[in-house]
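**Student:** Before anything else, here's the structure in question.
Where a number appears in this text, it was derived from the coordinates with a stated rule and is not lab data. None of the values given here were measured: they were computed from a predicted structure. Quick reminder, even Gly has a Cβ in these numbers, built from the backbone with ideal geometry, and neighbours come from all protein chains shown.
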Amino acid sequence: MFKTFRNAWKVAELRSKILFTVVILVLFRLGCVVPVPYFDSAVLKATFESAQGSVFQYLNILSGEAFARGTLFALSVSPYITAQIIMQLLTIAIPALERVAKEGEEGRRKIEAWTRYFTVALAVITAYGYYAWLRSITGVLTNTGVFAGFVIVATYTAGAALVMWLAEKINEHGIGNGISMILFANIISSLPSMILGIVLNPESLIFKIVAAVITAVIIIAIVAFVVFVTESERRIPVQYAKKVVGRKMYGGQNSSLPIKLNMSGVMPIIFAQSIVSIPATLQLIFNPKAGSVWYKIFNFVSYESPLYAILLFILIIAFAYFYLAISFNPVEVANNIKRNGGMVLGIRPGKPTADFISKILSRVTLIGAIFLGLIAILPMIVAAIVPSLGNISFGGTSLLIVVGVALETSRELESQLMMRNYSGFLD
């Protein structure tokens, strides 16, 4: 991986893309410390220190601790991710949107424009819910008037829209996926505080040593496991028939169709975490009274409930299949193999080949999704057994995102290096 980055740095075009991505991430991190009017961040920080292991900690990690400070980018990429999920679901569910999505470049631009509008709408709703929660905490807001509330909600909405713009700029002119790179930067910036939370835990020295050893073992195991799962693949043997063109014979080669064990990368984790955090966001907006029906419902699906881990595990598997369905078309792959004179050994070309590939995909995706789900909920199980280790509750998800983004970025750099170093027939 480090060799790939070093080789990419030697290419002027890739070096400019890397520098552009770094500059965007630095600008984003600066926005994470820009204060908001009528706000006392010290009081909110003290509130978060007493709420370790809650869903707010997850939102805080994804925002690079901006959520706990109440700064400009407190909402981070959450509205943008949620808007993309909903638009992709609507594209599959509504035939009219599906036709628009299949219109090529023009259709893609329309879907992206509607996603932006939807992101702003979700940002307004989320910003108001965040403001309502802040208003319920004594001393956080220095002014609770209508104008102050409008300014705060508008500021957070503008911050979410600006984060969306920065992510899209990385997609256009930088390296990697914009959302993934921003999440990567946020999680890396949050890791020191997570480690300090364990080191400064008010327990005995022996407990700290044991906690540090357990945390280190979990981190190393997760990193090794994620790399293993991400790099594993199932190869389907493909043989191409011989054909004569002029005086030369082509084809007759044995090849393989590689199917990754985790083709969807970190997106199922991001999507699933965004969905399971919706009840907490609704609780912020409506703030039900203690003991009411809605209060019991929200607590039933809260982070402390076992149902949270179960839902997260199921959603990771579901989104792994969903992301695969919108990014990989077995029928198209089977047609391309047939068009090029190839066939899967022992399988007839056409629909039987597509069915065979779909069958292999379903099995491989299930294995990869189960592995991802287990890794995501493992730190939650550890934190439930040892409550003092609540700081590592989201460690599995965080490491999945960090390692996954690093591997995806490395692969993209390798593909671009290969494309630029490829020797054509004129060389």
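**Student:** Checking the table Lys10/Lys169; Lys10/Lys260; Lys110/Lys169; Lys102/Lys351; Lys260/Lys338 against a 25 Å threshold on Cα-Cα, which pairs fail?
**Tutor:** Those over the limit are Lys10/Lys260.
**Student:** Using the per-residue mean of other Cβ atoms lying within 10 Å as a proxy for protection, in what order, highest first, do the peptides 32-45, 90-103, 73-86 fall?
**Tutor:** With the highest mean Cβ count within 10 Å placed first, the list reads 73-86, 32-45, 90-103.
**Student:** Taking the highest mean first, how do the peptides 224-236, 5-17 order by number of other beta carbon atoms within 10 angstrom per residue?
**Tutor:** 224-236, 5-17
**Student:** Let's test the formula: R0 of 25 Å, r as the Cβ-Cβ distance of Lys110 and Ile86. What FRET efficiency results, to the nearest 0.05?
**Tutor:** Result of the calculation: an efficiency of 0.95.
**Student:** Another question, then. Which of the peptides 317-329, 402-414, 132-144, 176-188 is most tightly packed, and how do the rest follow, going by the mean number of other Cβ atoms within 10 Å of each residue?
**Tutor:** 176-188, 402-414, 317-329, 132-144
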